[in-house]
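Structure, as structure tokens:
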Amino acid sequence: MALYPEYQQVQAFVDHTKDLFTTNMTIQDIFEMSFKTNDYKTVFIYLNNKKRVERLSYADARSKIYNIASKLHKFLYAIPKGKIVGLKLRTSPLWILFYYAILMCGYKPLLLDPKHDVNQTIKIIKKADAVALISNDNFNYQFLNMNVEEILDQRSDYSFMESWENEIIFTTSGTTGEPKLVVFDGNALCHQINAALILPERSKDIIYPPTMGELKVLCMLPFYHIFGFMANFLWYTFFNKTLVFPYSLAPNDIYSIAQRQKVTHIYSVPLFWDNIARAAYRSSALEGPNHLDTLNKLVLYNTGRISKADAGNAAYRFTLTNLQNKILGTSIRFAITGGSFIYQKTLHMINGLNYPLHNGYGMTEIGVTSVETSDDVFKRLKGSIGKPLYGVEYKILPINIEGAKKKDDNVGELLVRSPFLHVKTIEDGKEIPAILDEEGYYHTGDLAKIDKTGRYYIKGRVKELIISPSGENIYPEEIEEKFHDIENIANLCVVGVKKSSSDVEDVALVIEVNANIDDALFSKVKKDILERNRSIGLKYRVNKIFVYRDKLPISSNRKVKRYEIKNLLENKDRRFVNINRDEEPLNYEGYDENKVKQVLIKMRQIFSKVLLLPVYKLSDDGHWIDDFGGDSMSYIALVHEIEDNFHIEFEDENYGKFTCIRDFTLYLLKKNKF
């Protein structure tokens, strides 16, 4: 195969990972090769509390890790080596320092989400049988909770002797919502680093020597998550690159540090890239139709769909530079999206802004196993996760699903075999070996497809595949893509909901709308959804549309928990409001439909007025107290409003008898008052 001119330089640089094979392949070996005592290259760029830029070298970071470990040892000296210590901090240089300090003291770090509340934290600590926690939590736990500042305030103990542990533990909610504890050892982490050996053959931009330019990776992803840990932290510290940390995850803080520090690499989840695409679109739209037209032409030109002549001014470098300077700057050489499905529209917009966005794949149990590395924009836009990395083997296991028309040997469950799979899980303090099949493959539960070039595509989860009444496979992500760009939808998901006493599933769209939306805007959202649903192909249409009154439940990697929404829907949770209810037959037998609609509309308006809730958050059978938060005093106000609007007088015996819009509507219909 023809390779780029600098290939030999990049390959020689990446071959440095082979040195790991000459060691014991432990976490200590990774540390020793990453943080050398005489390496004064910058490892961290971050902002202090006064938002001033600070830098730390690899050598200084190594010294700080030793000092923190000597201080931490004073708290843990009575605890036997090999025990588990929780690490619950946000992504920052401090996270890395404490991660290695825990290991240097001889304990296994349990990587926790800092957003977990007290109950979630206690549950995971108990499940892991952990003995201590490092956090900034202001709570009196029943186990040793060490505050970061409390540790740092201790005096260093220079007689401290290192005693390295060789295992780390990730937490994941999996597909059930229950925390799962996944263990990796030093051998697996060394092989994950060595997975980079094949990258020089595929790209000159994902990793390269200093002679080919600076490499600065923006660290937004949480390090407690496998994507951030492996792709941001582990790989790039091993190759002695610079990690750049934003002051916060606010868009302006991210844009500012990316531009000022000339960040070259950004890896994040699809939600981040969706927001970047929206920001570029809205910025141009606010400047007027001409600017929006220029943006659209620029995207088309940079994705190879129109010629330079057709693009006009949009093809000029200064046009691109002006747009990039409003978001992530002009230095981005390589970007990756991973963790969940990314919309085609987002892929086109980001690549059209000349930020080369590639799709990657991994999961907590298997690490990072592939990424599309092509510099060919057409291949990137297909959404492929590329080919397996060094040492990784993929296999497609065709699946037979009841009701499906046929079996496709190119589509099925993705199986993964590699030397860096997790080694075990922990259940209630007990260690359970990794569950692999007889050939050593891990069954991911993800639906995948392979094309003629050997590239893989993730289609969704096996458990989330919906089979239509005609036997067609329906992938929720493909339907979600049809609706996600509707204005004022904050989040959404598509699930299959079983009909009563039937295996056939309705395709349900569940949306969460922006918090500040009013009834007029919501009416437009509803109209846009219904129109979009009618305009798309039959395969992608939904037959149930609900608004969820709360925020949709989100996993740690920013995906909506479909299994939870599906269960809530099938159990008829009252937080769902059916927004295409007006198109469905009304269950008011014996009454004129037009009169029923008149009363319902008026009753919804009255409930909305008294409860100070928008109409779209009201379901016709929602309970005044249990679902809407009303009370006895507001109930009296409700009755007075109904009396005034319908010119009736409520009988004393009916007070408190009616608790929902449907009850009052039937009462009024029976009295023939409307």
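Any residue in segment 14-28 that is over 18 Å from residue 186 (Cβ atoms) and open to solvent by less than 90 Å² (accessible area, probe 1.4 Å)? Step through it out loud before you land on a result.
First pass over segment 14-28, keeping only residues over 18 Å from residue 186 (Cβ atoms): 14-15.
Narrowing the set further to residues that are open to solvent by less than 90 Å² (accessible area, probe 1.4 Å) leaves 14-15.
Checked against the condition, which is being over 18 Å from residue 186 (Cβ atoms) and open to solvent by less than 90 Å² (accessible area, probe 1.4 Å), segment 14-28 yields at least one hit.
Could you please find all residues in segment 659-674 being at pLDDT below 85 and either open to solvent by less than 50 Å² (accessible area, probe 1.4 Å) or more than 22 Å from residue 588 (Cβ to Cβ) (or both)? Please lay out each step first, then the result.
Start the filter on segment 659-674 by keeping residues that are at pLDDT below 85, which leaves 659, 670-674.
Residue satisfying the conditions is 659 alone.
Only residues in segment 37-64 that are at pLDDT 95 or above count as the first member; pair them with residues that are of a type in the set (A, V, I, L, M) and open to solvent by 50 Å² or more (accessible area, probe 1.4 Å), Cβ under 9 angstrom, at least 6 apart or cross-chain, and list the lot.
45/53; 46/53; 47/53
Name every residue in segment 365-386 that is crowded, with 22+ Cβ neighbours inside 10 Å and either assigned to a strand (DSSP E or B) or touching a residue at least 60 places away in the same chain (Cβ under 8 Å) (or both), in order of residue number.
Residues of segment 365-386 that are crowded, with 22+ Cβ neighbours inside 10 Å, as a first pass: 365-373, 380, 384-386.
Within segment 365-386, 365, 366, 367, 368, 369, 370, 371, 372, 373, 384, 385, 386 qualify.
Residue pairs, Cβ under 8 Å, 6 or more apart or interchain, first in segment 124-141 and on the phi > 0 side of the Ramachandran plot, second open to solvent by 40 Å² or more (accessible area, probe 1.4 Å). List them.
Within 8 Å, the pairs are 129/428.
Condition first: closer than 22 Å to residue 189 by Cβ, surrounded by fewer than 21 Cβ atoms within 10 Å (Cβ to Cβ), among the aromatic types (Phe, Trp, Tyr) and more than 30 Å from the chain's Cα centre (by Cα). Can you find one or more residues in segment 38-51 that meet it?
no
Test residue 66 against the criterion of being over 28 Å from the mean Cα position of the chain (by Cα), farther than 24 Å from residue 41 by Cα and aromatic (Phe, Trp, Tyr), and give yes or no.
Working: over 28 Å from the mean Cα position of the chain (by Cα): yes; farther than 24 Å from residue 41 by Cα: no; aromatic (Phe, Trp, Tyr): yes.
The answer is no for residue 66.
I'd like to verify a number: residues in segment 247-300 that are assigned to a loop (DSSP other than H, G, I, E, B) and open to solvent by 70 Å² or more (accessible area, probe 1.4 Å), how many?
Step one: list which residues in segment 247-300 are assigned to a loop (DSSP other than H, G, I, E, B), which gives 247-250, 261-264, 269, 287-288.
Filter once more, so that each one left must be open to solvent by 70 Å² or more (accessible area, probe 1.4 Å): 247, 249, 262, 287.
Count: 4.
All but one of (1) farther than 30 Å from residue 281 by Cα; (2) open to solvent by less than 30 Å² (accessible area, probe 1.4 Å) hold for residue 453, so report the exception by its number.
Every condition holds for residue 453 apart from (2).
Go through segment 621-639 and report how many residues are of a type in the set (A, V, I, L, M, F, W, C) and within 16 Å of residue 550 (Cα to Cα).
In the first step, residues of segment 621-639 are kept if they are of a type in the set (A, V, I, L, M, F, W, C); the result is 624-625, 628, 633, 636-639.
Then keep just the ones that are within 16 Å of residue 550 (Cα to Cα); that gives 628.
The total comes to 1.
Here are the criteria: (1) crowded, with 18+ Cβ neighbours inside 10 Å; (2) within 24 Å of residue 379 (Cβ to Cβ). Tell me which single one residue 461 does not satisfy.
Of the numbered conditions (1) crowded, with 18+ Cβ neighbours inside 10 Å; (2) within 24 Å of residue 379 (Cβ to Cβ), the odd one out for residue 461 is (2).
Residues in segment 78-108 that are modelled with pLDDT of 95 or more and part of a loop (DSSP other than H, G, I, E, B): how many? If you could, list the steps in order and put the result at the bottom.
In the first step, residues of segment 78-108 are kept if they are modelled with pLDDT of 95 or more; the result is 79-108.
Pick out the ones that are also part of a loop (DSSP other than H, G, I, E, B) and you get 79-83, 89-92, 105-107.
Total satisfying the criteria: 12.
For segment 577-596, give me each residue that is open to solvent by less than 90 Å² (accessible area, probe 1.4 Å) and modelled with pLDDT under 70.
Residues satisfying the conditions are 581, 582, 584, 586.
So, of the residues in segment 90-103 that are in contact with a Phe, Trp or Tyr (Cβ under 7 Å, 6 or more places away or on another chain) and open to solvent by 10 Å² or more (accessible area, probe 1.4 Å), which turns out to be farthest from residue 243 (Cα to Cα)?
Taking segment 90-103 and keeping what is in contact with a Phe, Trp or Tyr (Cβ under 7 Å, 6 or more places away or on another chain), we get 91-93, 95-96, 100, 103.
Applying the additional criterion that residues be open to solvent by 10 Å² or more (accessible area, probe 1.4 Å) yields 91-93.
Numbers: 91: 11, 92: 10, 93: 9 Å.
Top of the filtered list is 91.
Cβ-Cβ below 8 Å, separation at least six or inter-chain, first residue in segment 203-217 and over 12 Å from residue 235 (Cα atoms) and open to solvent by 30 Å² or more (accessible area, probe 1.4 Å), second of a type in the set (A, V, I, L, M) and modelled with pLDDT of 95 or more: which pairs?
So the pair list comes out as 204/10; 204/212; 212/10.
Give me the pairs, please: first residue somewhere in segment 525-541 and more than 18 Å from residue 478 (Cβ to Cβ), second residue anywhere and open to solvent by 70 Å² or more (accessible area, probe 1.4 Å), beta-carbon distance under 7 Å, and either six or more positions apart or on two chains.
So the pair list comes out empty.
I'd like the full set of residues that are open to solvent by less than 70 Å² (accessible area, probe 1.4 Å) and not in a helix (DSSP H, G or I), limited to segment 518-549.
Selection gives 536, 537, 542, 544, 545, 546, 547, 548, 549.
When you scan segment 321-342, do you find a residue that is of a type in the set (D, E, K, R), open to solvent by less than 30 Å² (accessible area, probe 1.4 Å), under 26 Å from residue 198 (Cβ atoms) and not in a helix (DSSP H, G or I), even just one? Before you say what the answer is, go through the steps one by one.
Taking segment 321-342 first, the residues of a type in the set (D, E, K, R) are 326, 333.
Then keep just the ones that are open to solvent by less than 30 Å² (accessible area, probe 1.4 Å); that gives none.
There is no residue in segment 321-342 that is of a type in the set (D, E, K, R), open to solvent by less than 30 Å² (accessible area, probe 1.4 Å), under 26 Å from residue 198 (Cβ atoms) and not in a helix (DSSP H, G or I).
Does segment 190-200 contain at least one residue that is touching a Phe, Trp or Tyr at 6+ places or on another chain (Cβ under 6 Å), small (Gly, Ala, Ser) and either crowded, with 22+ Cβ neighbours inside 10 Å or in contact (Cβ under 8 Å) with a residue 12 or more places away in the chain (or both)?
Yes, the conditions are met somewhere in segment 190-200.
Filter segment 205-231 for residues that are in a loop (DSSP other than H, G, I, E, B) and aromatic (Phe, Trp, Tyr) and give the result.
The initial filter retains those residues of segment 205-231 that are in a loop (DSSP other than H, G, I, E, B), namely 205-209, 213-215, 219-225.
Within segment 205-231, 208, 223, 224 meet the criteria.
Return the total of residues in segment 124-172 being buried (at least 20 other Cβ atoms within 10 Å of the Cβ) and either in contact with a Pro (Cβ under 6 Å, 6 or more places away or on another chain) or not in a strand (DSSP E or B) (or both).
Summing the residues that are buried (at least 20 other Cβ atoms within 10 Å of the Cβ) and either in contact with a Pro (Cβ under 6 Å, 6 or more places away or on another chain) or not in a strand (DSSP E or B) (or both) in segment 124-172 gives 7.
What residue, of 337, 319, 294, is on the phi < 0 side of the Ramachandran plot and under 30 Å from the mean Cα position of the chain (by Cα)? I'd like the intermediate steps shown before the answer.
Details: 319 fails: under 30 Å from the mean Cα position of the chain (by Cα); 294 fails: under 30 Å from the mean Cα position of the chain (by Cα).
One residue alone meets the criteria, 337.
Looking only at residues that are polar (S, T, N, Q) and more than 22 Å from residue 559 (Cα to Cα) in segment 483-517, which one is least open to solvent (accessible area, probe 1.4 Å)?
Filtering first and then ranking leaves 502.
Go through (1) open to solvent by 40 Å² or more (accessible area, probe 1.4 Å); (2) under 17 Å from residue 154 (Cβ atoms); (3) touching a helix residue (DSSP H, G or I) at 6+ places or on another chain (Cβ under 8 Å); (4) without any contact (Cβ under 8 Å) to a residue 60 or more places away in the chain one by one and return the number of the condition residue 78 breaks.
(3)
Spot the failing condition for residue 106; the list is (1) open to solvent by less than 10 Å² (accessible area, probe 1.4 Å); (2) under 26 Å from the mean Cα position of the chain (by Cα), and only one is missed.
(2)
Which of the residues belonging to segment 644-657 are aromatic (Phe, Trp, Tyr) and at pLDDT 85 or above? Full working, then the answer.
So in segment 644-657, the residues aromatic (Phe, Trp, Tyr) come out as 646, 650, 655.
Selection gives 646 alone.
Identify all residues within segment 590-633 that are among the β-branched types (Val, Ile, Thr) and within 20 Å of residue 574 (Cα to Cα); write none if there are none.
Of segment 590-633, the ones among the β-branched types (Val, Ile, Thr) are 596, 599, 601, 606, 610, 615, 625.
601, 606, 610, 615, 625 - these are the residues of segment 590-633 that are among the β-branched types (Val, Ile, Thr) and within 20 Å of residue 574 (Cα to Cα).
The values are calculated or read from the model by the stated rules, or taken from the named source; none is laboratory data. Predicted model only: the values in this text are computed from it and were never measured. All Cβ positions, even for glycine, are placed from backbone atoms using ideal geometry, and neighbour counts span all protein chains on display. Accessible surface areas use protein heavy atoms only, side chains included; no ligands, DNA or RNA. Shrake-Rupley method; radii C 1.70, N 1.55, O 1.52, S 1.80 Å.
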